[in-house]
Structure formats: structure tokens, C-alpha cells
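> Below you'll find the structure I mean.
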Amino acid sequence: MAVDPLIELRDVNKYYGDLHVLRDIDLTVGKGEVVVVIGPSGSGKSTLCRTINRLETVQSGTIRLDGQPLPEEGKDLARLRAEVGMVFQSFNLFAHKTVLQNVSLAQIKVRRRKREDADRRSRELLDRVGLLNQADKYPARLSGGQQQRVAIARALAMEPKALLFDEPTSALDPEMINEVLEVMRQLAREGMTMVVVTHEMGFARSAANRVVFMADGRIVEDRSPEEFFTNPRSERAKDFLSKIL
Ligand code: ADP
Ligand code: MG
């Protein structure tokens with residue numbers, strides 16, 4: 001694809017002790033691309049996400065963001081985490097802070113914005129995810145779907161270059177899944193670069209530019225959703241799809 005690469009992994013290998021969890025990973029995500037990562041439990045999807053924003057170190061290979069190797073530590077690492085936002089299965093909001101405070105906090109601490117400026121931006125983002133009227137509540141008062149939308153607004157508040165989603169709807173009741181996917185579809189339409197680990201195949205078909213299928217720490221297929229879903233090449237992918245579709 002002839003787009004500028006934003007995230008590039010080359011020959012990345014990662015071990016947990018003796019366990020080889022990422023094997024010779026080569027992956028390029030272009031600016032504005034949406035890459036959906038699927039695969040069986042334990043195949044390394046979460047680890048892949050966590051290596052991209054340096055929550056995990058790797059033993060070999062290179063990872064670049066916008067042409068720059070990932071920083072090792074210190075201030076640059078905090079900046080990287082702001083530039084590559086992550087949304088987790090468990091929303092990870094601060095329970096003792098209001099929705100507004102949750103979205104403003106890192107803007108003030110990491111981006112060094114004044115509180116008024118941060119709060120103004122937070123309100124805009126909460127409006128975008130349909131939650132402006134919940135700004136002064138505590139997370140526990142919100143539904144799971146609403147909490148996840150707050151987590152997305154919080155990630156967006158850092159003006160990230162890319163967002164990583166690790167099973168963002170897996171902990172949600174079925175009736176809340178769509179409101180979160182709809183926010184993600186909107187982000188995709190607006191050109192956000194996204195890596196999304198999900199079991200929501202409807203989202204993969206409708207929003208992804210590419211589907212990456214992982215098994216046993218390897219990328220087994222990396223193709224358009226049309227090609228992948230209609231004609232998976234590998235036995236692993238065929239087997240996986242036959243179980244979930
Ligand atoms: P997935 O997200 O595809 O289910 P993970 O990336 O979570 O897979 O895990 C890949 C493999 O690494 C699994 O075998 C898992 O048990 C193992 N693993 C994950 N995190 C750790 C950890 N912190 N320490 C040791 N092993 C881990
Ligand atoms: Mg996982």
C-alpha cells in the first residue's frame with residue numbers, strides 16, 4: 001500500500017522466559033490505516049499491542065514510530081505513550097476521579113496543559129463520544145459501554161498519532177458493544193491510525209483496511225478483509241474462522 005508508514009515492526013522477537021511469544025514479526029501500519037488483529041487466545045495479540053507502545057520490551061528486532069526507533073526510557077517514553085494511545089478490555093479509569101477529571105488528567109500532567117484548556121478539550125471529546133452530560137459523574141455510575149467511551153476520549157485527549165485497542169468490547173454486555181464500535185468506526189472515518197484486536201468480525205469487515213491473523217506468535221496472514229474472510233489461505237485461519245463465524 002502506497003501510504004506513509006506510521007508503525008513499523010521488523011523481525012521482532014519476544015520471549016517471556018523460555019516462551020517465544022512473538023516470532024519474526026514484520027508489520028507495517030500506514031498513516032490512517034485500520035489494522036484488525038485476530039487469532040486464537042494466547043497467539044500473542046495483546047503482547048503485540050503492548051510492544052508497540054513499549055509496555056513490553058522485545059529481545060530482537062526494531063520497532064519504529066513515524067520513522068523513529070521507540071525510546072528506551074525516560075521522558076521520551078512518556079511522550080511515546082501519549083502518541084500511541086491504548087484502550088484496554090478493562091477500561092482502567094480512575095475510580096476516584098470524575099469522568100471529566102479522567103479525560104483531563106494526563107493532558108495536565110503529560111501535555112502540561114492548563115486545567116481550563118484541558119477541561120475545555122475534554123468536554124469537546126466527551127461530546128464527540130456522546131457523554132458530555134456524564135462529565136461530572138464517577139465512572140462507577142456509568143455503564144461499561146459509557147466507561148469505554150470515556151477511555152477512548154481520554155486516549156484522544158493526548159492527540160495520539162495512533163490508537164491501539166486490545167479487545168475493547170470483550171468485557172461489555174452485548175447491547176453496549178455497538179455504541180463503542182460506532183465511536184471506533186467514526187475515528188476510522190476521520191483518518192485515525194488504529195490497530196484493533198477484536199473478535200468483532202463485523203467491525204473487521206466494515207472498518208479494517210487489513211486483517212492480520214496471528215497464531216503461535218506469528219503473523220500467518222495479512223490481507224484485506226474481503227480476501228481474508230472469503231478465502232483464508234492457511235489451515236489455521238480456516239479452522240479459526242470455522243469456530244467463530
Ligand atoms: P493473546 O492476547 O493473543 O491471547 P497474549 O499476548 O496475551 O495472547 O499471550 C501470548 C502468550 O504469552 C501466552 O502464552 C501467554 O500465556 C503468555 N504471556 C502473556 N503475558 C505474559 C507474562 N507477563 N508473562 C509470561 N507469559 C505471558
Ligand atoms: Mg489478549
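> Quickly run through the range 2-42 and pick out the residues that are within 16 Å of ligand 1 (Cβ to nearest atom) and of a type in the set (Ser, Thr, Tyr).
Tyr15, Tyr16, Ser41
> Being part of a helix (DSSP H, G or I), within 22 Å of Pro5 (Cα to Cα) and touching a residue at least 40 places away in the same chain (Cβ under 8 Å), is that true of even one residue in the range 228-245?
No, every residue in the range 228-245 fails to be part of a helix (DSSP H, G or I), within 22 Å of Pro5 (Cα to Cα) and touching a residue at least 40 places away in the same chain (Cβ under 8 Å).
> For Arg233, state whether it is basic (Lys, Arg) and over 30 Å from Tyr15 (Cβ atoms).
no
> Mind counting the residues in the range 181-203 that are touching a strand residue (DSSP E or B) at 6+ places or on another chain (Cβ under 8 Å) and of a type in the set (S, T, N, Q)?
Looking only at that region, the number is 2.
Rundown of residues vs (1) farther than 23 Å from Arg189 by Cα; (2) buried (at least 23 other Cβ atoms within 10 Å of the Cβ); (3) at pLDDT 95 or above, yes/no style:
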| position | (1), (2), (3) |
| --- | --- |
| Glu8 | no, no, yes |
| Asn13 | yes, no, yes |
| Tyr16 | yes, no, yes |
| Val21 | yes, no, yes |
| Ile25 | yes, yes, yes |
| Ile38 | no, yes, yes |
| Ser41 | yes, no, yes |
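> If a residue must be in a strand (DSSP E or B) and in contact (Cβ under 8 Å) with a residue 60 or more places away in the chain, how many such residues does the range 15-37 contain?
To start, the set of residues in the range 15-37 that are in a strand (DSSP E or B) comprises 15-16, 19-30, 34-37.
Going one step further and asking which of them are in contact (Cβ under 8 Å) with a residue 60 or more places away in the chain, we end up with 20-27, 29-30, 34-37.
Going through the range 15-37 one residue at a time, the tally reaches 14.
> Val196 fails exactly one of the following numbered conditions: (1) hydrophobic (A, V, I, L, M, F, W, C); (2) within 16 Å of ligand 2 (Cβ to nearest atom); (3) surrounded by fewer than 22 Cβ atoms within 10 Å (Cβ to Cβ). What is the number of that condition?
Unmet for Val196, out of (1) hydrophobic (A, V, I, L, M, F, W, C); (2) within 16 Å of ligand 2 (Cβ to nearest atom); (3) surrounded by fewer than 22 Cβ atoms within 10 Å (Cβ to Cβ): (3).
Every residue, every condition in (1) exposed (fewer than 15 other Cβ atoms within 10 Å of the Cβ); (2) at pLDDT below 95; (3) within 16 Å of ligand 1 (Cβ to nearest atom), yes or no:
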residue	(1), (2), (3)
Gln89	no, yes, yes
Thr98	no, no, no
Gln107	no, yes, no
Arg112	yes, yes, no
Glu116	yes, no, no
Arg123	no, no, no
Arg128	no, no, no
Ala140	yes, no, no
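> Looking only at the range 43-69, filter to residues that are within 17 Å of the chain's Cα centre (by Cα) and away from ligand 1 (no atom under 16 Å from the Cβ); which one of those is surrounded by the most Cβ atoms within 10 Å (Cβ to Cβ)?
Across the range 43-69, the extreme among qualifying residues is Leu65.
> Same structure again: Out of Asp127, Asp166, which single residue is of a type in the set (D, E, K, R) and within 29 Å of Val211 (Cβ to Cβ)?
Step by step, each of Asp127, Asp166 is checked, and only Asp166 is of a type in the set (D, E, K, R) and within 29 Å of Val211 (Cβ to Cβ).
> Scan the range 168-197 and report the pairs whose first residue is more than 16 Å from ligand 1 (Cβ to nearest atom) and whose second residue is among the small types (Gly, Ala, Ser) and part of a strand (DSSP E or B), with Cβ atoms within less than 6 Å and a gap of 6+ or a chain change.
Within 6 Å, the pairs are Thr193/Ala162.
The values are calculated or read from the model by the stated rules, or taken from the named source; none is laboratory data. On a predicted model such as this, the values are computed, not experimentally measured, just so you know. Methodologically, a virtual Cβ is constructed for each residue, glycine included, from the backbone with ideal geometry; neighbour enumeration extends over all protein chains shown.
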